[in-house]
Amino acid sequence: MSTPKILDVALVGGGIMSATLGVLLKHLNPNLKIQVFERLEGTALESSNAWNNAGTGHAALCELNYMPDSSDGSLPSAKKANEINEQFQLSRQFWSHLVNTGVLAAPDSFIHSTPHMTFVRGTKNVDYLSRRYQALKDLPLFNDLEYTEDPEVIQSWAPLLIEGRNSQEPIAATRANSGTDVDFGSLTRQMFAWLRNNNVVVQTSAEVKSLTKTGSHGWNLKIMDTKSGQIDFINSKFVFVGAGGWALKLLQKSGIAEAKGYGTFPVGGQWLRSDNPDLVRKHRAKVYAQAEVGAPPMSVPHLDTRVVDGKASLLFGPYATANPKFLKYGSIFDLPTSLRPRNLVPYVSVALRNFGLVKYLVGELLKNKKRKFQSLLDFMPTAVAKDWTLLDAGQRAQVIKKDSLKGGVLQFGTELVTSRDGSISGLLGASPGASTAVYAMLQVIETSFSSELKNWKKELQKIIPSYGVKLSDNPTLAKKTLEETSKILKLTNS
Ligand SMILES: Cc1cc2nc3c(=O)[nH]c(=O)nc-3n(C[C@H](O)[C@H](O)[C@H](O)COP(=O)(O)OP(=O)(O)OC[C@H]3O[C@@H](n4cnc5c(N)ncnc54)[C@H](O)[C@@H]3O)c2cc1C
């Protein structure tokens with residue numbers, strides 16, 4: 001297929017964000033001329049690859065960071081947890097629509113029912129988990145949450161947490177059977193395959209080197225073939241920068257005022273993986289714990305069932321590593337070359353104000369293999385080193401942004417940066433990430449395609465029935481949505 005001269009939409013990056021936006025836009029207007037540019041030799045090779053992320057369908061069922069404890073012992077606020085769960089419901093509905101219409105293959109090619117558990121130790125943490133449960137249990141999106149302080153019940157939910165645990169310290173756990181494990185890599189590749197079949201050029205080994213604003217035709221993209229070094233140019237009315245950790249770099253190159261003052265704080269990661277069938281058989285859950293003091297929220301340890309390419313394994317981690325790259329296959333110069341006069345203050349301020357985080361990262365770096373393994377033993381007392389292999393995870397690129405009071409703050413969520421005229425938009429940050437890709441890409445559509453949105457609303461509601469409605473305010477619709485998506489996605493519990 002020949003490349004169109006002027007594109008309507010250029011998607012930079014072959015990860016889940018670009019794939020989701022491309023599929024959404026092609027459903028809303030099949031005539032759009034869309035092209036994807038990916039610098040690596042294939043799609044879904046960076047953070048969206050199954051082994052580079054944890055595959056948790058983040059719905060705040062088990063992750064304590066979305067619901068920090070209150071300072072006065074009252075029930076912690078469920079606001080953020082509710083928001084994250086709402087966002088994940090958009091993804092579930094979108095994926096259900098794609099399964100129903102044959103865009104995605106059988107659901108077990110990308111999603112599996114996997115109970116989400118939280119496991120805590122010690123009186124203080126037990127008290128917090130119990131209050132967290134009280135705050136959530138009657139909310140429509142959390143009503144399958146169970147709580148126990150009984151080791152026997154925990155053992156029946158996840159035997160590996162209890163076997164060999166002799167300590168008398170209090171323990172507690174919650175479990176939500178509606179939790180999921182998602183192979184975001186498979187999802188991404190399937191969406192790109194559908195786009196290819198629908199007249200979208202997905203060009204790999206094609207690195208966008210620069211973006212220049214042109215008067216009437218939006219943006220001029222300079223593209224380098226990473227194999228031959230050949231340079232090409234293309235114009236596009238709209239550009240989405242779905243470049244993961246490199247999004248900041250490209251937004252800076254575009255020169256848009258909205259990107260000024262942002263920085264990126266990279267955190268590398270490692271996992272322990274076990275394919276021992278006896279262990280895999282004994283554990284079917286994603287079990288999250290409390291983060292260590294100073295640890296960034298995404299470094300909360302968890303022991304997970306992962307199903308990748310139809311094969312189940314166990315994953316434990318992540319262990320944070322220090323690495324200046326903004327992408328796993330990025331450059332060690334990513335951090336230094338991102339420095340600009342307008343983001344120096346935020347960078348310095350974050351470095352000075354996050355002493356706990358710096359101390360934590362140094363501590364993680366100094367951990368030898370034995371000490372790393374100790375973290376797993378705290379979780380799973382019978383773990384044996386020979387069953388586990390250390391792997392490199394993807395690179396997290398956290399957002400640093402200007403703050404009028406503090407100079408700069410480190411933010412653990414994602415942030416959409418859009419030019420004033422809406423012609424370019426890019427996604428910074430990594431969490432909650434792939435799970436909420438649909439919510440994030442709907443934001444892109446609402447911001448950059450606002451004039452078309454009126455005509456697209458009906459189609460959007462066909463694709464995502466709860467679009468525009470808050471499920472947490474509508475228990476009947478929440479129940480119906482959970483039941484219907486569970487049925488289509490073949491998830492055992494809602
Ligand atoms: C350790 C870890 C654990 C995680 N766990 C979870 C989890 O459990 N659940 C969850 O929902 N999310 C999780 N995430 C987050 C999630 O993986 C990411 O938010 C998501 O994959 C980001 O998708 P993306 O499309 O923005 O970026 P990516 O998948 O990183 O894709 C960006 C692509 O852009 C390409 N690119 C970059 N620059 C250029 C350029 N100039 N030209 C052309 N191409 C370019 C890159 O090569 C890459 O392929 C995790 C992330 C990490 C790192």
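No value in this document is a laboratory result; all are computed from the given coordinates. Bear in mind the structure is a predicted one, so any value in this text is a computation, not a measurement. Here the Cβ positions follow ideal geometry from the backbone for every residue, glycine too, while neighbour counts run over all protein chains shown.
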> Hey, what do the phi angles of the range 413-420 turn into as Karplus ³J(HN,Hα) couplings, whole Hz, using 6.51/-1.76/1.60 and θ = phi - 60°, x for Gly and Pro?
Replying inline: x, 9, 9, 8, 10, 10, 5, 4
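Counting each pair of different Cα atoms once, what's the Kirkwood radius of the range 332-408 in Å, rounded to one decimal?
Numbers: mean 1/r = 0.0641 Å⁻¹.
For the range 332-408, inverting the mean 1/r across all distinct Cα pairs yields 15.6 Å.
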> Hey, what number do you get for the chain at 222 nm if only DSSP H runs of n ≥ 4 count, each worth -39500 (n - 2.57), divided across all residues, to the nearest 500?
Replying inline: -10000 deg cm²/dmol
> If you take the C-alpha gyration tensor of the range 423-482, multiply each eigenvalue by 5 and take the square root, what semi-axes do you get, largest first, in whole Å?
Replying inline: 23, 18, 8
> Considering the Cα trace of the range 342-494, what is its radius of gyration and what is Dmax, both in angstroms?
Replying inline: 21.8, 59
> Hey, if you drop one equal point scatterer on each alpha-carbon of the range 2-133 and run the Debye formula without solvent, what base-10 log of I(q)/I(0) do you get at q = 0.19, 0.21, 0.22 Å⁻¹?
Replying inline: -1.18, -1.31, -1.37
>> So for the chain, averaging the separation of alpha carbon pairs under 8 Å that are six or more residues apart and normalising by length, what relative contact order in percent results?
In response: 22
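Out of every Cα pair in the chain, what percent are spaced more than 30 Å from each other?
47
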>> Taking only Cα atoms of the range 1-71, what ratio of Rg to Rh do you get with Rh as the Kirkwood inverse-distance radius?
In response: 1.16
>> Explain nothing, just the number: relative contact order of the range 316-415, from Cα pairs under 8 Å at least 6 residues apart, as a whole percent.
In response: 36
> Can you name the helices of the chain, as whole DSSP H runs, whose Cα span along the helix axis is 15 Å or more and whose Kyte-Doolittle mean is not below 1.0?
Replying inline: 16-28, 355-366, 437-448
> For the chain, what is the percent of antiparallel DSSP beta bridges, rounded to the nearest 5?
Replying inline: 75
>> Between the range 182-221 and the range 388-406, how far is it from one alpha carbon centroid to the other, in angstrom?
In response: 24
> So which of Lys33/Lys470; Lys367/Lys401; Lys253/Lys286; Lys80/Lys286; Lys457/Lys487; Lys249/Lys367 end up more than 28 Å apart by C-alpha?
Replying inline: Lys33/Lys470; Lys367/Lys401; Lys253/Lys286; Lys249/Lys367
>> Can you tally the net charge around Thr337? Count Lys and Arg as +1, Asp and Glu as -1, for every other residue whose Cβ sits under 14 Å from the Cβ of Thr337.
In response: +4
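What is the diffusion coefficient of the range 248-406 in µm²/s, taking the Kirkwood radius over Cα pairs and the Stokes-Einstein relation at 10 °C with a viscosity of 1.306 mPa s?
Values: Rh = 17.5 Å.
The diffusion coefficient I find is 91 µm²/s.
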> Summing Lys, Arg as +1 and Asp, Glu as -1, what charge do residues with Cβ under 14 Å from the Cβ of Gln374 carry, Gln374 excluded?
Replying inline: +2
> For the range 244-297, what is the per residue volume of the convex hull drawn over the alpha-carbon atoms, in cubic angstrom?
Replying inline: 150
> How big is D for the range 160-211, in µm² s⁻¹ as a whole number, if Stokes-Einstein is applied with the Kirkwood radius of its Cα pairs at 37 °C and 0.692 mPa s?
Replying inline: 198
